[in-house]
Amino acid sequence: MPGAGGASPKVELRDVGLRYFGLEGETEALKGISLSVAPGEFVAIIGQSGCGKSTLLSLIAGILQPTEGQVLVDGQAVTGPSRKIGYMLQQDYLFEWRTILENAVLGAEIQGADMRKARERATQLLTRYGLGQFLNHLPRQLSGGMRQRVALARTLCTEPDVVLLDEPFSALDSQTRIALADEITDILRREGKTAILVTHDIGEAVSMSERVVVLSRRPGRVKTEHAIAFASAGGTRPAPFAARNAPEFNGYFNALWKELEVHVEG
Amino acid sequence: MSKADAANGPSARYLEWLRQERRGRLTVRLAQLGLLVVFLVLWEVLPRLNLINPLFTSYPSTIWPTFLEMLHATPQQASILAHTWSTVVATVVGFTAAMVLGVAIAAALWWWPKLYKVLDPYLVVANAMPKTAFVPIFYIWLGATLSIYGMSLAISLFITVLMIYSGFQGIDPNKIKLAQTFGATKGQILTKVILPGSVPTLIAALKVNAGLSLVGVIVGEFQSATLGLGYLIQYGSQIFKMNIVMTAITILAIVSSLMYLAIYWLETAVMKRR
């Protein structure tokens, strides 16, 4: 199992549980989650909606504190948002009153970083993602895929080691989604980032990650883990789009499909 | 095909559509102007035909001469410009105070949600209260000048607080979550997300406020002023000089139109960035 290997884990969850309190009672969102992610690994977490996938990311990001267990990043307990962690939300949430460049440096601005350097880095990233001529445009002038690339630049501008992706493509049309999955996976691999992707899209999970963790229904627990490897592509990891055409893809897809116990209600 | 079209300039049908569009806009403008003219003509003619009592309405034709006559200050009466200025200053003061205090109070309510929960029913009732009931009391408490500012503020403050606070509440919580992922403090969330995200609400509040502050000033002046358009209206009606009343009201209409225009320009300038 990758992640349990020699190197100490980048992100580790030890028996983590989370309960929400409301006047009607307690809701157990997550229970007994143990998981470790190695440096540079790309892990996908899948599960049905409402199983606490996004909550899990909020715990790792330090926005929420677990009611049980511990979340560790680089062996240190997470007590609040950390600069080591970047978080991409389900939508781009660009601020419509800021230009593209101003949006991309938002994180650096909040963290009180050197703004001249931050602007330089953001310009570099945006240019690399093909947005060089849109730096002073407003978000509404950009397409959905371009906006999500700005969101990626905003996340990477603060140079996190770990990138959390919360269904980052769910708001995009299917073609843009697949193209952007290729781009983002490539960027994250090349920069050596540790990535944790949450999705309900099995194909996305299999094609992008090296390991898929399946969460059960509420309260979410780790049901199974599947290592994803494409022997047919040789030693290298294929890009998501190529992975979808690899002979192994369907086997993984079907195995995960069964695990998710997908029932279409009608 | 389309290239050839472009080379030949806009198509005949497009030009026809443009002409119709322009004609449509002109019709609206003419209708607006026509309505005003009809109103003024009726106002001039009906009293002259003794169909309504001219003592009650005066005539629009007397407004300009009255205005010219009142330009000069007499020992008993200040110039009409001084009256107008006094009302405008009080309105701007009341309206600025309402905006500044309104944003500050709304921010405090956002900062301490418990405070909002405690104050919520009081704010709603205070907003629903007829504030003009306090005109005589304000006069006793605050004196002649301050009571006018006070009334202007009282009328516009509560609705401003409620509007701006609900604007704050309407900010997408995910934008706040986004700021939190970068470790934003509460103060940073307020200054980088809540306030800039609420600019459209602030402008909406500005629009409501401009009118309400003017109402507050005029009502306050009815009671306590010796200067101001509200005072002129009160004074003119007491001595049955309707031409003074109508002139003051006409100036009020012009002042509110100018305020509306100023806010409209501000809105266009700000919204260009969105």
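Only the coordinates and a few stated rules stand behind these numbers; no lab work does. What you are looking at is a predicted structure, and each value in this text was computed from that prediction instead of being measured. All Cβ positions, even for glycine, are placed from backbone atoms using ideal geometry, and neighbour counts span all protein chains on display.
Of note:
- Net lengthening on full extension, B:Val28/B:Met271 (0.36 nm per residue, minus Cα-Cα): 84.9 nm
- The region of chain A that goes longest without hitting one of the GluC sites (Glu not before Pro) in a DSSP loop, each with at most 16 other Cβ atoms within 10 Å, is A:97-190.
- Of all aspartates and glutamates in the structure, those lying under 18 Å Cα to Cα from A:Lys84, and not within fewer than 8 positions of it along the same chain, are A:Glu12, A:Glu41, A:Asp74, A:Glu109, A:Asp114, A:Glu159, A:Asp161, A:Asp166, A:Glu191.
- Inter-site label distance for B:Leu258 and A:Asp74 at 7 Å from Cα along Cβ, in nm: 6.3
- Computed over chain A: relative contact order in percent, which uses C-alpha pairs under 8 Å that are six or more apart: 24
- In order along the range A:199-214, phi translates into HN-Hα couplings of 7, 10, 8, 4, x, 4, 4, 5, 6, 9, 9, 9, 8, 10, 9, 9 Hz, rounded to whole numbers, per the Karplus curve 6.51 cos²θ - 1.76 cosθ + 1.60 with θ = phi - 60° and x for Gly and Pro.
- Relative exposure of B:Trp17, B:Trp110, judged by other C-beta atoms within 10 Å (fewest first): B:Trp17, B:Trp110
- Förster-model FRET efficiency, 51 Å R0, B:Leu49 and B:Val93, C-beta, rounded to 0.05: 0.70
- Two-decimal ratio, the range A:95-186, of alpha-carbon radius of gyration to 2.2 N^0.38 Å: 1.03
- For the range A:167-266, alpha-carbon Rg and Dmax in angstrom: 13.9, 45
- Classified by the C-alpha gyration tensor, the range A:37-102 has a prolate form. Its axis ratio a/c, with a ≥ b ≥ c, is 1.5 or above, and a/b is larger than b/c.
- Peptide B:179-190 has a mean shielding of 6, counted as Cβ atoms of other protein chains within 10 Å of each residue's Cβ.
- Residue pairs, from the table A:Lys117/B:Lys186; B:Lys131/B:Lys175; A:Lys223/B:Lys186; A:Lys53/A:Lys193; A:Lys31/A:Lys117; A:Lys117/B:Lys207, whose Cα atoms sit over 31 Å apart: B:Lys131/B:Lys175; A:Lys223/B:Lys186; A:Lys31/A:Lys117; A:Lys117/B:Lys207
- Ratio of Rg to Rh over the protein assembly as shown (Cα coordinates, Kirkwood Rh, two decimals): 1.14
- Among the residues of A:92-101, the average count of other protein chain beta-carbon atoms within 10 Å of the residue beta-carbon is 4.
- Close amide-amide hydrogen proximity is noted between A:Tyr87 and A:Leu164, each under 5 Å apart and 5 or more residues distant or on a separate chain (H modeled in the peptide plane; Pro and chain starts excluded).
- Percent RCO, i.e. relative contact order, over chain B, from Cα pairs under 8 Å lying at least 6 residues apart: 23
- Simple rule: put +1 on each Lys or Arg Cβ and -1 on each Asp or Glu Cβ in the range B:2-57, find the dipole, and look at B:Asn50, B:Leu40, B:Leu18; the Cα lying farthest toward the positive end is B:Leu18.
- For the peptides B:45-58, A:155-168, B:139-152, the ranking by mean Cβ contacts within 10 Å, running from highest to lowest, is A:155-168, B:139-152, B:45-58.
- Under the Karplus curve 6.51 cos²θ - 1.76 cosθ + 1.60, θ = phi - 60°, whole-Hz ³J(HN,Hα) for the range B:103-117, x wherever Gly or Pro sits: 5, 4, 5, 4, 5, 5, 5, 5, 5, 10, x, 4, 4, 4, 4
- The C-alpha atoms of the range B:2-57 occupy a region whose extents along the principal axes are 70, 13, 9 Å, arranged from largest to smallest.
- The range B:43-85, relative contact order in percent, only Cα pairs under 8 angstrom and at least six apart counted: 24
- Note on B:Ile171, B:Ile239: ascending count of other Cβ atoms within 10 Å places them as B:Ile239, B:Ile171, the fewest first.
- With θ taken as phi - 60° and the Karplus curve 6.51 cos²θ - 1.76 cosθ + 1.60 applied, the whole-hertz 3J(HN,Hα) list for the range A:237-251 is 7, x, 5, x, 5, 5, 4, 4, 9, 6, x, 6, 3, 5, x Hz, x standing for glycine and proline.
- Neighbour-count ranking [beta-carbon atoms within 10 angstrom, fewest first] of B:His83, A:His137: A:His137, B:His83
- Taking the inverse of the mean 1/r over every pair of distinct Cα atoms in chain B gives a Kirkwood hydrodynamic radius of 22.6 Å.
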